[in-house]
Amino acid sequence: SLSDRLGGVFDRLRGRGALTEADVRTAMREVRVALLEADVALPVARSFVEKITEQAIGQNVLRSVTPGQQVVKIVHDGLIDMLGSDTAELEIDVTPPAVIMMVGLQGSGKTTTTAKIARLLKKQGKKVMMASLDVNRPAAQEQLAVLGTQIEVVTLPIVAGQQPVDIGRRALQSAKLQGFDVVMLDTAGRLHVDQALMDEMKAVADIARPQETLLVVDSLTGQDAVNVASSFSEQVALTGVVLTRMDGDARGGAALSMRAVTGKPIKFAGMGEKLDQIEPFHPKRVAGRILGMGDVVSLVERAAESIQQEDAERMANRLAKGQFDMNDLRSQLQQMRNMGGLGALAGMIPGMKKAQAAMAGGAMDEKILLRMDAMITSMTVKERGKPELINAKRKIRIAKGSGTTVQDVNKLLKMHLEMQTAMKKLRKMGGLKGMLGMLG
Ligand code: GDP
Ligand code: MG
């Protein structure tokens, strides 16, 4: 698995401070191989690795995990980020009937998935009709009719000799007349990307104006996934993807490729041939599958938590001595970011809230915190320890290095000064002991 692979690469690194560029690049070669082994298409793997490399360089190595484990976590988070962190739902809240059109290669699982989704919607209390527009494959329309009987969902009566667009029109009309909530159109498959069939699909989309156009893809598709995804998404406006055969030994790579190429969420995963074997797509599960890792992720999460705890204690000790430099400010800012608001200490420090208000005009959002962090990153070690060294020339350099303005740097320095002053005052008043007591 990827974690084993990276374990070797990183053994020599244990206990070092931050992930260096060279370390990360070595690790990323392994990541890339792991992605390809999981069937992620090459161009997708390549651009993903590039993005992740930037994020990983310079991250601090947590003491209680190996750098390899930490890289796995970074890659895992990147995968989830890319796969979409939430489960995406069908968006069919329109004046009925809502139209769902299924497209994809022949044998990808369109007809089966049509019935699976119809069954789900029926369970949600929707009145669903299915129609097969597949006039190419013999008995394709009958196949859907049989599935309809199994799940007790109406299928549009078959009229011999009708063309797909006419069938689509008829389906819409009778759904409207009979008060159906949803019409599902199961289109004809293609063995390869075939322009005649693409045109047919576009013509159907034109008259049916579907709310959802779902591309059904076999998760075993592998490297070809990119071609399938790009040719379909060029021709019709997809709204989502369904990955079938996730019950088999697919390694999940197609999911990443689909998402990268179409930019659309994966809405369902097919988990078998039976009509109840469909699940909402779970990005976390698939990310784990792609990396083939055990519980590295939770290990790293636990380590990160304990480091935060150590940070808080270190900070308390420094405050007790009346020290508060840029490093301290930064760890406060990081805490704020992690906690989505005031850090545990920040709330107890007089002046902090006021300083925040001065800095942010009231609202301390993620962007501002990141910008402040970037400014501190652009400072030298000396400057961080002794911010009073920062003169006009240094301010210009810091602003340039962090993509901010001298004005921003001034605001940050002012905020730091106010906090430091508040801290010193507090210490003189002897109030710090009580405050630290609260940290217990
Ligand atoms: P279509 O040509 O795209 O309409 O594909 P079908 O729906 O006819 O499916 C082709 C084959 O794949 C059938 O034998 C299905 O039972 C099977 N199939 C579809 N979805 C899944 C799935 O999620 N898992 C498994 N194991 N088989 C599936
Ligand atoms: Mg079919």
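Quick note: the coordinates plus some simple rules give every number you see, no bench work behind them. Quick caveat: nothing in here was measured; it's all calculated off a predicted structure. Heads up, the Cβs are rebuilt from the backbone with ideal geometry, glycines too, and the neighbour counts pull from every protein chain shown.
Values computed for the structure shown
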quantity: Global size of the range 107-180 as Cα Rg and Dmax, reported in angstrom; calculated: 11.9, 34
quantity: Nitroxide proxy distance, nm - points 7 Å out along Cα→Cβ at Asn410 and Asp93; calculated: 4.8 nm
quantity: Contour minus Cα-Cα distance for Arg318 and Asp247 (0.36 nm per residue); calculated: 20.1 nm
quantity: Thr20 versus Gln150: modelled label distance in nm, points set 7 Å from Cα along the beta carbon direction; calculated: 5.9 nm
quantity: Stretch gain in nm, segment Asp325-Lys127, where the contour uses 0.36 nm per residue and the Cα spacing is subtracted; calculated: 64.8 nm
quantity: Rg(Cα)/(2.2 N^0.38 Å) for the range 98-291, N = residue count; calculated: 0.96
quantity: Label zone at Asp194 (point 7 Å along Cα-to-Cβ), backbone N below 16 Å, the range 123-146; calculated: 133-141
quantity: Longest to shortest principal axis, alpha-carbon extents of the range 140-254, angstrom; calculated: 44, 31, 26
